[in-house]
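One structure is given below, encoded as structure tokens.
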Amino acid sequence: MKVFITGATGYVGEAAAEAIRGAGHEVRALAHRPGAGDEIRAKGWTPVAGDLRQAAVLESAAAAADAVVHVANTNDADAAEVDGAAVAAFLRALDGSDKPFVYTSGVWVLGDTGGREVDESASTAAAAALVAWRAEREREVLAAARRGVRPVVLRPGIVYGRGGGIPAMLVAGDLPLIGDGSQHWTTVHVDDLADLYLRALTAPAGGTVLHGIAGQVTMADLAGAAEAVRGEPVEPVTLEVARQRLGAFADALALDQRVSSRRTRELTGWSPGRPSILDEVRTGSYRPD
């Protein structure tokens, strides 16, 4: 299978591309910055020169592929508009093809769950402001099943492992402890998540939502693990102060979420088995050399 991937030179996308290539598929990766093509070729993948703002490039690459995995996000002020145009280009190319289109969303689209555990059928009406635009995008993607596309929406929890993601910000002192830290975060190791991306390529037709969630942790417990590694406390701040520093990102980090991936596991056979986020921070890839 020829799989076109956006974001393959990024944290999550690279792990996903490695898993897909490791399963014997051909990876074609969007090369959006100088030098990215060489990095991609060194991995044994095929670079596709362009970026998320070049709809013609995306449409052509998607049409030539057997599946599309969309991981990239510009993280700019116009991220929602860029993502919308990119998704539209992909869906035009895949229209009527019965090819898989895996779209990366995230659990923050579910908002604060109020102490309840929610599953893949949960409403996105209370999505965190930072990612509220993804709720409509999810609906657009899933509706493409009526156009002969095989859409999958994948919602990862907070990703960790390989020394990256939000835990790295805590260990580096770039992120404060927000409030009393009692909010629950759903988590997934980047390599377990990569395996789920691979499995998403063969998800059933009709529009599928998958939850990339392997565990749960409170922010306070994670901050405590980060403190043990960094040798100094993680600064506690109120949500109001965090908002002044981090904007809408602070409200996303303050969400209390309990989210299940039970249906995803039953549907795909996914069985995450990497170390928990606390073990990974304490003894794994976040330890200094």
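Observations, loosely collected:
- Longest to shortest principal axis, alpha-carbon extents of segment 111-150, angstrom: 38, 21, 11
- Whole-number percent relative contact order across segment 63-157, with pairs defined as alpha carbons under 8 Å at least 6 apart: 36
- Comparing GLY179, GLY24, GLY84 in a Gaussian network model of the chain where C-alpha atoms under 10 Å apart are linked, the largest mean-square fluctuation is found at GLY24.
- When shorter helices are ignored and each DSSP H run of at least 4 residues is given -39500 (n - 2.57), the per-residue value for the chain at 222 nm works out to -11000 deg cm²/dmol.
- DSSP-defined beta bridges in the chain - what % are antiparallel, rounded to 5: 10
- Three semi-axes of the equivalent ellipsoid, the chain, Cα gyration tensor, whole Å, largest first: 31, 21, 18
- Peptides 26-33, 156-163, 198-205 ranked from most to least packed, by the mean per-residue count of other Cβ atoms within 10 Å: 156-163, 26-33, 198-205.
- Highest mean packing first, where packing is the average number of other Cβ atoms within 10 Å per residue, the peptides 225-232, 208-215 line up as 208-215, 225-232.
- Cα-based equivalent ellipsoid, segment 214-289: semi-axes from gyration tensor eigenvalues, Å: 27, 20, 9
- Considering only the Cα atoms of segment 7-79, their convex hull presents on average a projected area of 4.8 nm².
- For the chain, the relative contact order is 19 percent, taking Cα pairs closer than 8 Å that sit 6 or more residues apart in sequence and dividing their mean separation by the residue count.
- Value of relative contact order over segment 1-122, rounded to a whole percent, pairs C-alpha under 8 Å and six or more apart: 25
- Computed over segment 52-154, the convex hull of the alpha-carbon atoms projects to a mean area of 6.4 nm².
- For the chain, the longest principal axis of the C-alpha atoms and the axis of helix 11-22 are separated by about 50°.
- Label-point separation in nm, ASP279 to ALA205, each point 7 Å along Cα→Cβ: 4.1
- Using θ = phi - 60° and Karplus 6.51 cos²θ - 1.76 cosθ + 1.60, couplings along segment 65-74 (whole Hz; Gly, Pro as x): 9, 9, 7, 10, 10, 9, 10, 5, 8, 5
Coordinate-derived values only; no laboratory data. Everything numeric in this text was worked out from a predicted model, so none of it was measured. Neighbour counts run over all protein chains shown; Cβ positions are idealised from the backbone, glycine included.
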